[in-house]
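Peer 1: I have a structure I would like to understand better, so I am pasting it below and will then ask my questions one at a time.
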Amino acid sequence: IVRKDGSIRCVHNQYSARRGQDASVSRYVLTTDITERRQAEEEHRRLIAIFDATKDFISTSTPEATLTYINLPGRRMVGWGEDEDIHTQLISDLHPQWAREIIINAGVPAAIRDRIWSGETALLCRDGREIPVSQVIMAHKDRNGALQFLSTIMHDISARKQAEQNLRNAN
């Protein structure tokens, strides 16, 4: 709808009718302004498109470390299907034991304390391979400082690690 001030609002209309005892019909319209919801949905679609355009692994989780989102490149990186349910998986399920210890003992606590942590860890693929990654963990808090969710971005550094190994072997 167009408001008097010229601004445009998205609305959802629900129609109903009621027949009175005298056979008259009363019609009702319930109009709900859904502009903010539509804007949030559009922003969500844009962010997902950005996340899916990168080669990096991007994920979010609950404060208890249960996964809530993994972008498509991230799923491909570890061998998970596009439609596979991840909501029973923990952040630690994505990493070999040595990397889990770094994330649990250093990464997450530092992110909660400082809002961000970065370091080198590894992803654990379904086929058992380890992919060395540069990882950033971010803690997202509400205005009162309560942890709302965690997010992470992991960049595959296999080529760099191989180049470093080649240099060591050459010396």
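The values are calculated or read from the model by the stated rules, or taken from the named source; none is laboratory data. What you see is a predicted model, and the numbers here were worked out from it, not measured in a lab. Note that we place each Cβ from the backbone using ideal geometry, even for glycine, and neighbour counts take in every protein chain shown. Side chains are part of the model used for accessible areas, which takes the heavy atoms of the whole protein and leaves out ligands, DNA and RNA. Shrake-Rupley method; radii C 1.70, N 1.55, O 1.52, S 1.80 Å.
Peer 1: Only one residue in Asp52, Asp142, Asp127, Asp85 is farther than 30 Å from Gln165 by Cβ and more than 16 Å from the chain's Cα centre (by Cα). Which one?
Peer 2: Asp142
Peer 1: Within segment 52-171, which helices (runs of 4 or more DSSP H) (wholly inside it) include 2 or more residues that are basic (Lys, Arg)?
Peer 2: 72-78, 158-170
Peer 1: Return the pairs, sorted by first residue and then second, in which the second residue is part of a strand (DSSP E or B) and among the basic types (Lys, Arg), the first residue lies in segment 113-136 and is in contact (Cβ under 8 Å) with a residue 12 or more places away in the chain, the beta carbons are less than 8 Å apart, and the residues are 6+ apart or on different chains.
Peer 2: Hits for this filter: Arg115/Lys141.
Peer 1: Give segment 1-39 a look and list any residue that's open to solvent by 100 Å² or more (accessible area, probe 1.4 Å) and of a type in the set (Lys, Arg), or say none.
Peer 2: Those that are open to solvent by 100 Å² or more (accessible area, probe 1.4 Å) and of a type in the set (Lys, Arg): Arg3, Lys4, Arg18, Arg19, Arg27, Arg37, Arg38.
Peer 1: Being of a type outside the set (Lys, Arg), closer than 23 Å to Ile104 by Cβ and open to solvent by 50 Å² or more (accessible area, probe 1.4 Å) is the filter here, so list the residues in segment 143-171 that pass it.
Peer 2: Hits for segment 143-171 are Gln148, Phe149, Ile153, His155, Asp156.
Peer 1: Same structure, new question: Go through segment 42-65 and give me each residue that's closer than 23 Å to Ile104 by Cα and either without any contact (Cβ under 8 Å) to a residue 24 or more places away in the chain or surrounded by fewer than 15 Cβ atoms within 10 Å (Cβ to Cβ) (or both).
Peer 2: Within segment 42-65, Glu64 is the sole residue that qualifies.
Peer 1: Looking only at segment 81-109, count how many residues are in contact with a strand residue (DSSP E or B) (Cβ under 7 Å, 6 or more places away or on another chain) and either surrounded by 15 or more Cβ atoms within 10 Å (Cβ to Cβ) or under 16 Å from Cys125 (Cα atoms) (or both).
Peer 2: 12
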